[in-house]
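The values are calculated or read from the model by the stated rules, or taken from the named source; none is laboratory data. For clarity, every value in this text was computed on a predicted model and none was experimentally measured. Neighbour counts are summed over all protein chains in view; Cβ atoms, including those assigned to glycine, are modelled from backbone coordinates with ideal geometry.
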Amino acid sequence: MKFLWIFSVFCLVSSSAFSQEYESIEIKGNACEKSIEGESPSSTRIRAIDKAVFLSIKNLDILSEDKKKLNDHDLNVMIYRLVDDYVEDLSSKVVKSDENKTCVETLGYIQLSNINNVRQEALKTPEIHDDNLLVQIVEDVSKEVTLNPKDAENLALLYVSDLEYYNGSKSKKYADFLKEEIKENPYYYITDEKDLADYIMTPKLLKAKVDSLDATHKRLHMVLSLDVDGLEENVVNIFQNRFILFSNEDSEQSIASRLIKKLIIQASKSAVRQIERKEQIKLERRSLGRQLTE
């Protein structure tokens, strides 16, 4: 998510709680965006909303310790993740609009548990400032173990099921799209034989709801789950939850199709990482008799 920083922004942030006994935090924000020649008013408004939400999260008191522990890049990555994946019930209204700029107020909620989860991910990222040390580590690991399987017999088999809609219908189109996104991986081979597969991915569209915000704008709320069988004893569910604002002039079908693809890509990245890790552990145990991967 990119922002055009032109006008000063005031963000008012309040929370219902900053302790584990409360489930969510209310986020409020104000922001303005300068109009760009040739850009529709709705696009300017969306940029202003994105900025307001970003800053409202960045200014939460609960993130004060994170600002001390993380550098600017890692902190922004953490905030972008919260904005993209975890803001709920987002609403907005235009407080000022002319030919030069658009100003908005936003209101939403974010689960405290999601903040904690994303925080743990950010804090786990190791910082290696010595490039020579990093090169040496890579060389040492490469000498001790072959990271990628060399033989076809060591490749896992992955089956991708058709996307399942909440009304019971299915789509082969999005299954083919997912296959294209995750093919040519050194750890697995995509198979058409479901019964032979080591892993089965099943994308499911759980919710797709369009709400009218005003006379010219709508909001699409979409929830997608990528279910992965074979990673653990039970099926692993990877959820993606997004809101998108768009103009009444835009095609709902095109907007929904693009969002489905975006959510499938995001969910598949997590699924592929987990498959790669499990297959890597198998390789290490097979070749070394022990596990190197933590």
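Would you point out the residue of segment 218-262, among those that are part of a strand (DSSP E or B) and in contact with a Ser or Thr (Cβ under 6 Å, 6 or more places away or on another chain), that is modelled with the highest pLDDT?
Asp227
Right, Arg277: part of a helix (DSSP H, G or I) and either surrounded by fewer than 16 Cβ atoms within 10 Å (Cβ to Cβ) or at pLDDT below 90 (or both) or not? Before the answer, list the steps.
On the way: part of a helix (DSSP H, G or I): yes; either surrounded by fewer than 16 Cβ atoms within 10 Å (Cβ to Cβ) or at pLDDT below 90 (or both): yes.
So Arg277 passes the test.
If the Cβ limit is 9 Å and pairs must be 6+ apart or interchain, which residue in segment 22-36 that is aromatic (Phe, Trp, Tyr) pairs with which residue that is assigned to a loop (DSSP other than H, G, I, E, B)?
Tyr22/Ser15; Tyr22/Ser16
Checking Ser254 against (1) buried (at least 17 other Cβ atoms within 10 Å of the Cβ); (2) within 30 Å of Thr106 (Cβ to Cβ); (3) not β-branched (Val, Ile, Thr), which single condition isn't satisfied?
Result: Ser254 passes all but (1).
Every residue in segment 191-206 that is loosely packed, with under 11 Cβ neighbours inside 10 Å and either under 22 Å from the mean Cα position of the chain (by Cα) or in a loop (DSSP other than H, G, I, E, B) (or both), please.
Asp192, Glu193 - these are the residues of segment 191-206 that are loosely packed, with under 11 Cβ neighbours inside 10 Å and either under 22 Å from the mean Cα position of the chain (by Cα) or in a loop (DSSP other than H, G, I, E, B) (or both).
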